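Have a look at the structure below, then the notes.
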Amino acid sequence: MSVKENFEKAKLDYERWGVNVEEALEKLKSVPISIHCWQGDDIGGFEVNQQELSGGIDVTGNYPGKATNPEQLRSDIEKALSLIPGKHRINLHAIYGETNGEVVERDEIKPEHFENWVNWAKQHGIGLDFNPTLFSHPKAEDGLTLAHPDKETRDFWIRHCIASRKIGEYFGKELGTPALTNIWIPDGYKDIPSDRLTPRQRLKDSLDEIFKEEIDEKYNIDAVESKLFGIGSEAYVVGSHEFYLGYALKNNKLCLLDTGHYHPTEVVSNKISAMLLYSDQLALHVSRPVRWDSDHVIVLDDELREIGLEIVRNDALDKVMIGLDFFDASINRVAAWTIGTRNMIKSLLYALLLPNDTLKQFQEEGNFTDRLALFEEFKTYPFGAIWDYYCEQMEVPVKEAWLDEVKTYEKEVLSKR
């Protein structure tokens, strides 16, 4: 049977439960995923005085073909985008600016250093998001930045974040879609601190200074990202979930949840509905922790499906800004982007194809038998036939055919670097 024939047959199964499959696909088309550029070069960036990774971040593996300049990275991203259904966004870090061989300190970065990225984004009709880079730098070697006890160091990073917000604003003005500019810092202590409050007070004061200038949210949206622990900050992280949740709510900023930044038994999916009661929007960085914040390529596991379900069944597709954050150098990097992003989209489609109103009604009625039975039966519904049709309609490879294209790209492009 053809993809279309399989789709029509599968659609009948879903329609028996009142699921409008065509409507689900139309909704899915409108959801952009913010794809992180740093998978393509192992978070190296293009600074002239490039530094070793620090801040509790590690990328393992040495698969051949890593992008070593902006043109290569953009080419690799283009290849990945050609294999992923839908229209998406690209998320940049400050270290991906282009300075024409000039050493530019991070507190002096300007929109002009990202002009090539903007022109490229215009060419492809996509939006850009941004992140200041508060790691892999001599002024972050001791694991402290915005919460540093030294005022000169704090002020340096404050200036960097202010400059980053102006770059986000530039993206929004040029591309006609607001940039999400997200602040994450590595600050913390390896062993038990003797004072938890003072560093948090310094961080609060630093953020207040960074956000002092108002920027129109039609150009730039500010977000802050928490973390539970990291390498070098096992005992204490200044920017905890509670700290940033409180700061975001009080100061009308987005709280960004990274799925790898919590206790191993703590899940982000369970936080989404609670936070949406008090926030108009929230943001995600979707990763896959394996025993720690190890940023594996996301797979279509239970938690990813639950994240998709929480977004869809709570009518929050336009309230949750979905970004990705994983980096694996042990496999083909274009394949990593493709696998992870397609899985994120699959989780949303899976959720859109559930009879969510019926399942909610079962719960309200206390009919937990039917609720569980239906949840389980839908796991083996012909979801794949709907996904294949969506890919075909969006003119990207169906099933694993994308892998052949990646292998060809590796042979013709990546292997020659």
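Sum -39500 (n - 2.57) across every DSSP H segment of at least 4 residues in the chain, then divide by the residue count to get the 222 nm mean residue ellipticity, nearest 500.
-13500 deg cm²/dmol
State the volume of the convex hull built on the alpha-carbon positions of segment 19-80, expressed per residue in Å³ and rounded to an integer.
159 Å³
Once you charge only the Cβ atoms, +1 for Lys and Arg and -1 for Asp and Glu, what is the size of the charge dipole of the chain about its Cα centre, to the nearest 20 debye?
With Lys and Arg at +1 and Asp and Glu at -1, about 220 debye.
What FRET efficiency, computed as 1/(1 + (r/R0)^6) with R0 = 51 Å and r the Cβ-Cβ distance, is obtained for ASP302 and LYS212, rounded to the nearest 0.05?
0.75
Identify the residues of segment 357-401 with backbone N under 19 Å of a label point that sits 7 angstrom from the Cα of SER2 along the Cα-to-Cβ direction, or state none.
What the label zone holds, given the 19 Å backbone N cut-off, is 385-399.
Distance between the C-alpha centers of segment 102-165 and segment 1-72? Whole Å please.
Between the Cα centres of segment 102-165 and segment 1-72 lies a distance of 24 Å.
Using alpha carbon coordinates only, what is the Rg to Rh ratio of segment 40-199, with Rh defined as the Kirkwood radius?
With Rh from the inverse mean 1/r over Cα pairs, Rg/Rh is 0.99.
Please give the contour-minus-distance gain from ASP191 to LYS9: 0.36 nm per residue of separation, less the Cα-Cα distance, rounded to one decimal in nm.
59.6 nm
Indicate the gyration tensor shape class of segment 31-354 (rounded, prolate or oblate), computed on the Cα atoms with a ≥ b ≥ c the square roots of the eigenvalues: a/c under 1.5 is rounded; otherwise a/b larger than b/c is prolate and the rest oblate.
Rounded.
Hey, rough spin-label estimate for ALA316 and ARG291, points 7 angstrom out along Cα→Cβ, what's it come to in nanometres?
Roughly 3.1 nm, to one decimal.
Mind ranking 116-122, 321-327, 398-404 by how tightly packed they are, going by the mean number of other C-beta atoms within 10 angstrom, highest first?
Descending mean neighbour count gives 321-327, 116-122, 398-404.
Is segment 291-417 best put as rounded, prolate or oblate by its Cα gyration tensor, with a ≥ b ≥ c the root eigenvalues, rounded for a/c under 1.5, and otherwise prolate when a/b is larger than b/c, oblate when not?
The shape class here is prolate.
Ranked highest first by the average count of other Cβ atoms within 10 Å around their residues, in what order do 173-183, 61-71 fall?
So the peptides 173-183, 61-71, ranked by packing, come out 173-183, 61-71.
Go through 28-35, 84-91 and give me the packing order, highest mean Cβ count within 10 Å leading.
Ranked from most to least packed, the peptides come out as 84-91, 28-35.
Could you tell me which of rounded, prolate or oblate describes segment 1-114, using a ≥ b ≥ c as the square roots of the eigenvalues of the alpha-carbon gyration tensor, with rounded for a/c under 1.5 and, failing that, prolate when a/b is larger than b/c and oblate otherwise?
prolate
Between PHE156, PHE362, PHE378, find the one with the highest GNM mean-square fluctuation for the chain; connect C-alpha pairs within less than 10 Å.
PHE362
Return the distance in nm (one decimal) between the two label points of a simple spin-label model at VAL398 and GLU52, each offset 7 Å from Cα along Cα→Cβ.
5.1 nm
For ASP150, ASP107, ASP295, what ranking results if the residue with the fewest other Cβ atoms within 10 Å of its Cβ goes first?
By the 10 Å Cβ count, ascending, the order reads ASP150, ASP107, ASP295.
With labels modelled as points extended 7 Å from the Cα through the Cβ direction, what inter-label distance (nm, one decimal) is found for ALA274 paired with TYR63?
About 3.5 nm separates the two model spin labels.
Quick note: the coordinates plus some simple rules give every number you see, no bench work behind them. Everything quoted here is computed from the prediction, not taken from an experiment. Here Cβ is always computed from backbone atoms with ideal geometry, including for glycine, and neighbour counts include all displayed protein chains.
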